[in-house]
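Worksheet: one structure, shown below.
Laboratory data are not the source of any read-out in this text; all were calculated from the coordinates shown. Since the model is a prediction, treat every value here as computed from it, not as a measurement. Reconstructed Cβ throughout: ideal geometry from the backbone, glycine too, with neighbour counts over all protein chains shown.
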Amino acid sequence: MSSALEVFKTGLMDDRTVFITGGGSGIGRGICDILGGLGARIFIASRNPEKLRTAVQELDANGVTADFMTVDVRDYQQVEAAIGQCAKRFGGIDILINNAAGNFNCPTAELSPNGWKTVIDIDLNGTFFCCKAAYPHLKESEHARIISITTTLGRSGWPQAAHAGAAKAGIQSLTNALAVEWAPDGILVNSVSPGPIAGTVGVDKLYVKTGQEELMTSRVALRRFGRVEDIAGAVAFLCSPAGDYVTGAELVADGGRQWTFASAS
Ligand code: HXC
Ligand code: NAP
């Protein structure tokens, strides 16, 4: 399916367990394919059981050991239960991928307090909940990684989605703090920042349905939206031994989008 599977050694992720939120669709689903294809066991947590069941069946059909639990990451008890279930089922957790997110375009002046809170709760609080619940398991692993999926729009500010931008900026700050706090435990903590990725709910909702696809493509230096596997490959790199000295980093895979207007031409 992806060039990443050709780049990395077969069986690279054998005997590793991945706990991923929102792995039933989009970028998260692509990460499951790559890490599972490299030999990892995959445990997916999100809200929609149909999506989860389908993903696990498809992974299973491709020879990947996978399981799921329905979880709303806004609820710490649900997160803790799912992490516990994953560790019990697969004997531990090596890699946590914080991928679940919610988003919508809304001018900030019109955004309700609950609209703001909803996105902060899913993205930022959900990420903290997963990190906290996974920590006792990750510190037992010899290959521990936390990777959160963010966006450079957290750093720049995100007009029309200030809620999501603020949440992603918070996740990067949390990433930097945990990289230092949990380094003595051998846990490497990083983020991957995608640019607009074709065929995803986020791009469809924010750019395609709003008639901005062409405009947004022109804002990417490489003049194309990314592919799910572009992001999954970046995640695989950070999980691999090639990423052993990388912690507290934001790995940007955005086709040069962040510098398109920052640069002179
Ligand atoms: C204004 C909105 C809104 C909208 C919801 N709200 N949608 N406000 N404009 N379009 C407000 C509601 O009115 C409500 O506030 C509050 O948000 C909660 O809404 P609910 O529908 O009750 O929330 P919930 O059912 O929990 O759904 C959460 C969600 C939903 C975030 C609103 O869209 C969702 O589940 N999304 C998950 C999938 C997703 O968004 N994926 C994209 C990720 S992409 P009030 O005040 O009325 O109670 C991404 C980056 C994309 O993050 C980058 C592209 C480059
Ligand atoms: P997506 O398919 O909508 O993925 C988001 C996932 O999060 C869904 O599978 C959803 O599953 C899950 N989720 C949402 N709310 C949840 C909750 N409360 N509890 C548990 N799970 C929840 O969108 P995507 O575009 O692939 O986004 C994946 C990640 O990439 C997100 O972090 C997003 O911010 C980031 N990102 C995307 C792009 C892009 O171009 N698409 C660009 C930059 C960053 P359920 O509905 O089953 O809960």
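The alpha carbons of segment 40-181 give a radius of gyration and a Dmax of 16.0, 49 Å, in that order. Each Cα pair under 8 Å and six or more residues apart adds its sequence gap; the mean of these over the residue count of the chain is a relative contact order of 19 percent. Taking the Cα centre of segment 36-125 as the origin and placing charges on Cβ (Lys, Arg +1; Asp, Glu -1), which of N48, L38, Q77 is farthest toward the positive end of the dipole? Among N48, L38, Q77, the one farthest towards the positive end of the dipole of segment 36-125 is L38.
Taking a straight line from the alpha carbon of K88, these lysines sit under 29 Å away, with near neighbours fewer than eight places off in the same chain left out: K9, K51, K132, K139.
Restricting to DSSP H runs of at least four residues, report the calculated mean residue ellipticity at 222 nm for the chain, -39500 (n - 2.57) per run over all residues, nearest 500 deg cm²/dmol.
Values: 10 runs with 107 residues, N = 265.
Taken over the chain, the calculation gives -12000 deg cm²/dmol.
Of G92, V7, A162, which is farthest along the charge dipole of the chain in the positive direction, counting Lys and Arg as +1 and Asp and Glu as -1 at C-beta? So the residue furthest toward the plus end is A162. Judged by the ratio a/c of the largest to the smallest principal axis of the C-alpha gyration tensor, segment 121-165 counts as oblate, that ratio being 1.5 or greater while a/b is no larger than b/c. The local environment of T65, defined by Cβ-Cβ distances under 15 Å, has a net charge of -3 under the rule Lys, Arg +1 and Asp, Glu -1. The order of the peptides 163-174, 93-104, 77-88 by mean Cβ neighbours within 10 Å, most packed first, is 93-104, 163-174, 77-88.
About its Cα centre, the dipole of segment 202-265 is roughly 260 debye, where the only charges are +1 on Lys and Arg Cβ and -1 on Asp and Glu Cβ. Centroid-to-centroid, using Cα positions, segment 52-72 and segment 176-240 are 22 Å apart. Take each peptide in 213-219, 4-10, 202-208, 125-131, count the other Cβ atoms within 10 Å of every residue, and average; sorted highest first, the result is 125-131, 202-208, 4-10, 213-219. Short-range pairs are left out: with C-alpha atoms under 8 Å and at least six residues apart, the relative contact order of segment 68-129 is 48 percent.
Treat every Asp and Glu Cβ in segment 21-111 as -1 and every Lys and Arg Cβ as +1, leave all other atoms uncharged, and give the resulting dipole magnitude about the Cα centre to the nearest 20 debye.
I would put it at about 140 debye.
When the Cα gyration tensor is reduced to axis lengths a ≥ b ≥ c, the ratio a/c is 1.5 or higher for segment 151-265, and with a/b above b/c it is classed as prolate.
Report, in debye and to the nearest 20, how large the dipole of the chain comes out about its Cα centre when Lys and Arg carry +1 and Asp and Glu carry -1 on their Cβ.
Around 440 debye, computed over the chain.
Over all directions, the projected convex hull of the C-alpha atoms in the chain averages 13.8 nm² in area.
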